[in-house]
Structures are given as structure tokens and as C-alpha cells.
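The values are calculated or read from the model by the stated rules, or taken from the named source; none is laboratory data. These figures come from a predicted structure and were not determined experimentally. Note: ideal-geometry Cβ built from the backbone for every residue, glycine included; neighbour counts use all protein chains shown. Calculation scope for accessible area: heavy atoms of the full protein, side chains included, ligands and nucleic acids excluded. Shrake-Rupley method; radii C 1.70, N 1.55, O 1.52, S 1.80 Å.
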Amino acid sequence: MSRYGNGPAEPIYDVAMKHKADGTAMVVIGGKEYGTGSSRDWAAKGPRLLGVRAVIAESFERIHRSNLVGMGILPLQFKPGQNRESLGLTGAEVFDIAGIGDDLKPRHDVKVVARRSDGKNVEFATTCRIDTPPEIEYYRNGGILQAVVRKMLKG
């Protein structure tokens with residue numbers, strides 16, 4: 001269950017479709033070894049189809065991190081000693097992620113601002129867990145499939 005705005009708890013799919021309709025990209029906040037035990041590629045495809053554009057976690061399962069990038073989802077890792085609890089994040093915030101333009105580099109620091117409904121902001125640095133230059137290209141193209149198609153069309 002999840003919430004759309006301040007409304008009642010609803011099924012995640014329903015909330016995701018409301019966010020998608022209003023053009024709001026979603027961010028997932030995760031714990032340690034995010035993606036462990038998942039069915040791997042579908043664990044990245046599902047969030048992409050729901051409108052998730054970034055995952056901020058304490059750490060990532062290696063293959064799942066790569067699958068997120070392959071789906072065009074930005075994996076960001078909290079800095080050591082930080083997590084959702086230490087930053088006071090509830091999931092009701094609106095997130096602004098800066099520094100993911102043309103200058104994005106593997107393992108580069110990325111600033112995140114979480115805006116609360118009371119007007120207060122929580123700013124924190126994360127590490128971009130796009131680990132290689134080819135993964136940067138996949139991410140910039142919206143995923144590996146789109147990157148391959150664009151490369152083929154260029155000749």
C-alpha cells in the first residue's frame with residue numbers, strides 16, 4: 001500500500017498510475033543490499049514500468065544494481081553512516097536530484113534534496129552507482145535496449 005499526496009493508503013499500482021498521469025517520477029528508498037533475493041531483471045523492469053526513475057539505498061546487490069541501470073533507473077547510494085532513518089526520511093517527501101546531466105560520471109557524488117510538506121528541506125550527498133562509462137551511456141539513453149537501438153540507427 002502507498003499514498004498519493006495526503007490521501008488514503010491505496011495499492012501501489014494505483015498510486016504509481018496517478019503519479020505517472022501527473023508526470024511525477026518516483027524514487028524508491030531502500031536499505032542494505034537492495035535487490036537481494038529478487039528475480040533480478042523483473043525486479044528492475046517492474047519499477048521502471050511503475051514510473052520509478054531512481055533508487056536510493058544503503059547498498060545494492062551487484063547484479064540488481066546493473067539491471068536497474070539497464071532499465072534506465074538511477075541507482076544512488078547513501079554515504080556511509082547515512083540511511084533513511086538517520087536523515088529522517090518518511091517517504092512523503094518530494095525529491096530533487098541534481099547533477100545527473102551531461103557531466104554525470106561513474107561513482108560521482110550526486111546531491112539530493114528531499115522537500116517535506118512543511119517546507120523544510122533535507123539535503124544530502126549520495127554516490128552514483130553507475131559504475132562504468134558504458135553504463136552511463138545506457139542510463140542516458142533510458143536503458144540498454146534504447147542505447148543499442150540508437151547505436152544501430154546511427155549505423
Under a 1.4 angstrom probe, counting protein chains only, how are Glu135, Glu85 ranked by accessible area, largest first?
Glu85, Glu135
How big is the shadow of the Cα convex hull of the chain, averaged over all directions, in nm²?
9.8 nm²
So how far apart, in nm, are the two label points at Gln82 and Lys151 if each is 7 Å from Cα heading toward Cβ?
3.3 nm
Can you count the Lys pairs in the range 54-155 whose Cα atoms are under 27 Å apart, with each pair 8 or more apart or on different chains?
6
Multiply the residue gap between His108 and Glu137 by 0.36 nm, knock off their C-alpha separation, and tell me the result in nm, one decimal place.
9.0 nm
What percent does the relative contact order of the range 38-147 come to when contacts are Cα pairs within less than 8 Å and at least six residues apart?
28 percent
How large is ³J(HN,Hα), in whole Hz, for each residue of the range 12-27 in order, when computed from phi with the Karplus curve 6.51 cos²θ - 1.76 cosθ + 1.60 and θ = phi - 60°, using x for Gly and Pro?
4, 4, 4, 5, 4, 5, 5, 5, 4, 5, 8, x, 9, 6, 9, 10
Can you sort Thr90, Thr132, Thr127 by 1.4 Å-probe accessible area, starting with the largest?
Thr90, Thr132, Thr127
How tilted is helix 41-50 with respect to the longest principal axis of the chain? Cα atoms for both, answer in degrees (0 to 90, nearest 10).
60 degrees
Of all accessible surface on the range 102-154 at a 1.4 Å probe, what whole percent is carbon and sulfur?
53 percent
To check my understanding: the extent here is largest minus smallest coordinate of the Cα atoms along each principal axis. What are those three numbers for the range 7-97, in Å, largest first?
33, 30, 22
Using θ = phi - 60° and the Karplus curve 6.51 cos²θ - 1.76 cosθ + 1.60, what whole-Hz ³J(HN,Hα) does each residue of the range 138-152 get, with Gly and Pro shown as x?
4, 4, 4, 8, x, x, 5, 4, 5, 5, 5, 4, 4, 5, 5
